[in-house]
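Working notes, beginning with the structure itself.
FYI, it's all coordinate maths here, none of it is from the lab. Being a predicted model, the structure only gives us computed values, none of them experimental. Cβ sites come from the backbone with ideal geometry, for glycine too, and all protein chains shown count toward neighbours.
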Amino acid sequence: LPVLMGARQPRLACPHRGMHRWGGSVRRCMAVAVVAVLVSSASPALARWRPERREAIRYIETRSGNVSFAVKTPGGALVDYRGRRQVAAASVIKAMFMTAYLRRASVRSRRLRDEDRALLAPMIKRSDNEAATRIANILGPKRMYRLARDAKMRRFRYTRPWGNSLITASDQARF
């Protein structure tokens with residue numbers, strides 16, 4: 001899925017519904033992404049698909065704000081526009097918090113407990129900042145940088161408050 005970064009809130013570009021702020025439609029977008037991956041892995045033609053970069057840039061030029069984007073194609077190529085420009089992570093970092101939390105040694109090899117769900121669910125379902133801060137306090141910067149390194153995120157910079165951490169569209173597409 002393309003990640004669009006702009007002067008406003010980051011948004012998820014969902015192919016079946018247009019642009020969405022992070023929220024209730026994320027599950028539908030993720031389902032579409034899973035189907036796209038499954039279909040593309042079965043079809044050599046889809047594996048060679050390339051996004052219409054020029055058309056996307058033309059659209060961006062009609063919008064206000066300073067927008068960048070990155071798309072990782074089914075074949076693994078990264079296509080971007082201003083993809084290396086760092087912007088404040090805002091709530092986009094919450095997906096990284098969830099991933100880093102689930103990778104913890106005390107969590108990764110077992111089923112999620114009710115307390116794990118109670119901690120993660122508000123952050124993911126309602127974009128709850130207090131829950132995100134609790135998770136950030138548990139994780140610390142070391143786990144966030146390890147996740148970024150493992151995802152080959154080259155320009156990620158973690159800071160507190162966490163919403164001011166720096167990310168790029170290209171790094172998010174790699175993640």
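Here's how it looks for S127: its modeled amide H is under 5 Å from none belonging to a residue 5 or more places away or on a different chain. Sequence-ordered 3J(HN,Hα) estimates for segment 63-77 from the Karplus curve with 6.51, -1.76 and 1.60 and θ = phi - 60° stand at 9, 7, x, 10, 10, 9, 8, 8, 9, 9, 6, x, x, x, 6 Hz, glycine and proline given as x. All other residues whose Cβ lies under 13 angstrom from that of M123 are scored, Lys and Arg at +1 and Asp and Glu at -1, for a net of +2. Highest-first packing order for the peptide set 158-167, 73-82, 88-97 is 88-97, 158-167, 73-82, based on the mean count of other beta carbon atoms within 10 Å.
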